[in-house]
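K.L.:
Mind looking over this structure? Questions follow.
The values are calculated or read from the model by the stated rules, or taken from the named source; none is laboratory data. Predicted model only: the values in this text are computed from it and were never measured. For accessibility, only protein heavy atoms count, side chains too; no ligands or nucleic acids. Shrake-Rupley method; radii C 1.70, N 1.55, O 1.52, S 1.80 Å.
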Amino acid sequence: MKSLFKCFLTAFLLSFSLTGLSSADDTASVETEALEIADRLRCLVCTDENIENAHDETAKDIRFFIRKHLGDGKTQDIVVNLLLAQYGDMITLQDALSPTAKNEKIFCVLSCVFFFSSMIFYIYKRSKNFKL
């Protein structure tokens, strides 16, 4: 009877210790995933500072949101998509064109269109003896 009790006690303690180890591993993996997501996102209030280094209340809320959803078992992509749905593209550090980049692209396209239309007008004027 004593040996049976010792076996059950050993099995119980072993299972309890293994549960504690997996919980610690889960916490470490959630923290690692949260840091990976934080590298991809920026604070809305602080200019170009990632949310892990920002000291604003909004950044704290976003960090809590990320860790909560990762702890619930959601993947990184789902958490990022939830944040993008809530805050829009302005929260991402990557994959978003800045307003100056958009303006530069528009300026280049319009400059090319103006240049080529000027060249076509010049060629037409020379070939037809065009008078204004």
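K.L.:
How many of the residues making up the range 1-59 are under 27 Å from residue 88 (Cα atoms) and either open to solvent by 100 Å² or more (accessible area, probe 1.4 Å) or modelled with pLDDT under 60 (or both)?
P.N.:
Selection size over the range 1-59: 4.
K.L.:
In the range 38-81, how many are under 22 Å from residue 28 (Cα atoms) and not in a loop (DSSP other than H, G, I, E, B)?
P.N.:
Residues that pass the stated criteria total 23.
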